[in-house]
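The structure appears right after this line, and notes come after that.
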Amino acid sequence: MGFVVATVNMKGGVGKTTLTVNLATCLAKNHSKRVLVVDLDTQISATLSLMPPHEFAKVRRDKRTLNHLISREIKPQLKNKLAIEDIIQSDIGKIKGLDLLPGDIDLYDEYLVSEMLHQKAVTEEQTNFNEVWNNFEKFLVRSVLKPIISNYDFIILDCAPGYNLLTRSGIVASDFYLLPARPEPLSIVGIQLLERRITKLKENHGAESPLNLRLLGIVFILSSGLVRRYYKQVMQRVTDDFSSDQLFKMRIPLDINVARALDTFKPVVISNPGSPGAKAFAKLTEEFLTKLEVHQQQLPTAKN
């Protein structure tokens, strides 16, 4: 059974997708892991970081995106014969073991979801709307992934910023979460908001919930224009709130090659493996595996 890892921050622009695709690629390329990237963000940044637009356009025309799996969960009566195995794109970038579940610019209609859940609450007379919503939220992403979860060592969810239905459902479906951040105030606010949201999620889903989410660590991705003194002040705020084992020691340096990789529709660890950014992601991946091993030793029964 694979581990599900959510990459998430309430704030956008913190390097969430960059972390997702480079970590996934390093796990497959350098460590021979079977990895699936799931793009839960309608900006489809993870999808376009792993395949060029013309390939995505064809995939979308063929209805081989996450949209059709989500639609089936919302409207089970839909006649969609495509299974998740038909939609997953295999060996992305000719990297054996690196797969992608493409996202879509349209994933679901919030009005239709609310209408469907309201009707369900009315039909099931003893169930109130909040209970119906929480149950749907709990199993939406989990149900999509269930048929293939045992095929992978890691399923990495690239969650949208903010706190929409799919982000919440992705968090609930995960065993661990990674928190990418920039050493700047608004990014820190995003960390604090996420921690509060996760605490609330656990309360909402109750003791019987399968939610056993653990923070694997905060990953800092450096940006331009940082004043050293200012950087230190921001980092001190984080170290005051989190223990050292909750912070990745490896920080991704400012490297123009990471940004340039977006033009190639490939992660920097493929497009320019000798660059400082690519080397940093390779070391970060090793730290990721070490942290995971420590968690497994501390909680030997956490993963069933």
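Read-outs throughout are calculated quantities, based only on the coordinates presented, and are distinct from any laboratory measurement. Keep in mind the model is a prediction, meaning the values are calculated, not measured. Cβ sites come from the backbone with ideal geometry, for glycine too, and all protein chains shown count toward neighbours.
Please give me the summed charge of the neighbours of residue 36: other residues whose Cβ is under 12 Å from its Cβ, Lys and Arg +1, Asp and Glu -1.
-4
With a 10 Å radius around each residue's Cβ, average the other Cβ atoms per peptide and rank 61-74, 168-181, highest first.
Top of the packing list down: 168-181, 61-74.
Which cross-chain or sequence-distant (5 or more) residues have an amide H under 5 Å from the amide H of residue 37, H modelled 1.01 Å from N in plane?
Under 5 Å from the amide H of residue 37: 99, 100, 101, 156.
Can you give the local net charge around residue 48? Use residues other than it whose beta-carbon is closer than 10 angstrom to its beta-carbon, Lys and Arg +1, Asp and Glu -1.
-2
Which residues' amide hydrogens lie under 5 Å from the amide hydrogen of residue 247, considering only partners 5 or more residues apart or on another chain, with H built in the peptide plane?
Here 218 satisfy the definition.
Gain in length, residue 63 to residue 222, computed as 0.36 nm per residue apart minus the alpha-carbon separation, to one decimal in nm?
53.5 nm
To test your reading of the geometry: what angle, between 0 and 90 degrees and rounded to tens, separates the Cα axis of helix 276-298 from the longest principal axis of the chain?
60 degrees
What does the charge count near residue 246 come to, summing +1 for each Lys or Arg and -1 for each Asp or Glu among other residues with Cβ under 13 Å from its Cβ?
Result for the local shell: -2.
By DSSP, what percent of the beta bridges with both residues in the chain are antiparallel, rounded to the nearest 5?
That works out to approximately 5 percent antiparallel.
Just rank 153, 263, 158, 241, fewest to most, by other beta-carbon atoms within 10 angstrom.
263, 241, 153, 158
Nearest 0.05, what FRET efficiency do residue 115 and residue 200 give at R0 = 35 Å with Cβ-Cβ as r?
So, using R0 = 35 Å, E works out to roughly 0.90.
Give me the dipole magnitude in Debye, nearest 20, for the chain about the Cα centre, with unit charges on the beta carbon: positive for Lys and Arg, negative for Asp and Glu.
Result for the chain is approximately 840 debye, rounded to the nearest 20.
To the nearest 10 degrees, how steep is helix 228-241 against the longest Cα principal axis of the chain, on a 0 to 90 scale?
50 degrees
Between residue 94 and residue 163, what FRET efficiency comes out of the Förster formula 1/(1 + (r/R0)^6) with R0 = 41 Å and r the beta carbon distance, rounded to 0.05?
0.70
List, in the order given, every pair from 16/94; 58/120; 202/249; 81/279 whose Cα-Cα distance in the structure shown is over 32 Å.
The pairs that break the limit, which is 32 Å between Cα atoms, are 58/120; 81/279.
For the chain, find the longest principal axis of its Cα atoms and tell me its angle to the long axis of helix 129-145, 0 to 90°, nearest 10.
That works out to roughly 60 degrees.
Sequence-distant or interchain residues sharing an amide H contact under 5 Å with residue 4, placed H: which?
Those lying under 5 Å, H to H, from residue 4 are 155, 175, 176.
Give, to the nearest whole percent, the P(r) tail of segment 3-298 beyond 23 angstrom, counting all Cα pairs.
55 percent
Working out 0.36 nm times the residue gap between residue 297 and residue 85, then minus their Cα-Cα distance, what length gain in nm do you get to one decimal?
Here the answer is 73.1 nm.
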